[in-house]
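This report refers to the structure that appears directly beneath it.
No lab work stands behind these numbers, since they all come straight from the coordinates. Values in this document were obtained by computation on a predicted structure and should not be read as measured data. Cβ atoms come from the backbone with ideal geometry, glycine included; neighbour counts cover every protein chain shown.
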Amino acid sequence: MERSRLSHKLKDFMLSKLFTNKYFALLVRVTLGALFIYSSMDKIANIPDFAKIIVNYKILPLELVNLLAIFLPWLEFVLGLCLVIGKFERASLILYSAMLVVFIIALSQALIRGLDISCGCFSVEPSTTSEVWLRIIEDFVMLFFSVNLYLNLPPEEINLDYEKDF
């Protein structure tokens, strides 16, 4: 029992060391941001095709599909840009992680229900079921990195003496 606990503490320490390394954290942050920027491009350029992909998931009312097809790619782009330039890191990583959880759930439910879908993850081009499995795995990997990056961000300095700023 003691050995197992020590092993977990060592793994946590090593993971923490890795994600608190400023160069590794920068690499992860920029990579995650670039992935979201890249994934948004084809969807922004082909909103009607992306809307058709959303319909195929059969989880949203038709009234919301067009709104999501317009809004989601731009949200991906803005979050990716924020991560690449290093602005609003905390909020961006929280939203990024939440979106990945939603993507994992959407993809998983489609596979469980046996829907023949095109993922729409990086392109509006048709894909195969095996590619959907790959996208789920990729989303879990990106979620691992985004959550660990968030958990290991340096503490925020909160200025409670805001009157001095004026």
Completion exercise
One finds the C-alpha centres of region 104-123 and region 63-90 to be spaced, in Å, by 20 Å
Problem - region 12-63: C-alpha pair distances exceeding 19 Å, % - result: 54 percent
Handout entry: Rg to Rh, two decimals, where region 8-150 supplies the alpha carbon set and Rh follows Kirkwood
Key = 1.01
Exercise for the section: Report the full-extension gain for the segment ILE85 to LYS17: residue separation times 0.36 nm, less the Cα-Cα distance, to one decimal in nm. Expected result: 22.2 nm
Problem - J(HN,Hα) series, region 45-56, from Karplus relation 6.51 cos²θ - 1.76 cosθ + 1.60, nearest Hz, glycine and proline x - result: 6, 9, 4, x, 5, 5, 4, 4, 5, 4, 4, 5
Problem - Lysine-lysine proximity count for region 8-150, Cα under 30 Å, sequence distance 8 or more or distinct chains - result: 9
Problem - Inter-probe distance in nm under a simple model that places probes 7 Å from Cα toward Cβ, at ILE137 and LEU27 - result: 2.2 nm
Fill in the blank from the handout: With the charge dipole of region 8-150 built from beta-carbon charges (+1 for Lys and Arg, -1 for Asp and Glu) about the Cα centre, the Cα from CYS82, CYS119, ILE137 projecting farthest to the positive end belongs to CYS82
Completion exercise
Phi angles of region 63-79, converted by Karplus (6.51 cos²θ - 1.76 cosθ + 1.60, θ = phi - 60°) into ³J(HN,Hα) in whole Hz with x for Gly and Pro, give 5, 9, 4, 5, 4, 5, 5, 7, 6, 4, x, 5, 5, 4, 4, 5, 4
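So for each of 100-110, 18-28 I average, over its residues, the number of other beta carbons within 10 Å; can you give me the resulting order with the highest mean first?
Descending mean neighbour count gives 100-110, 18-28.
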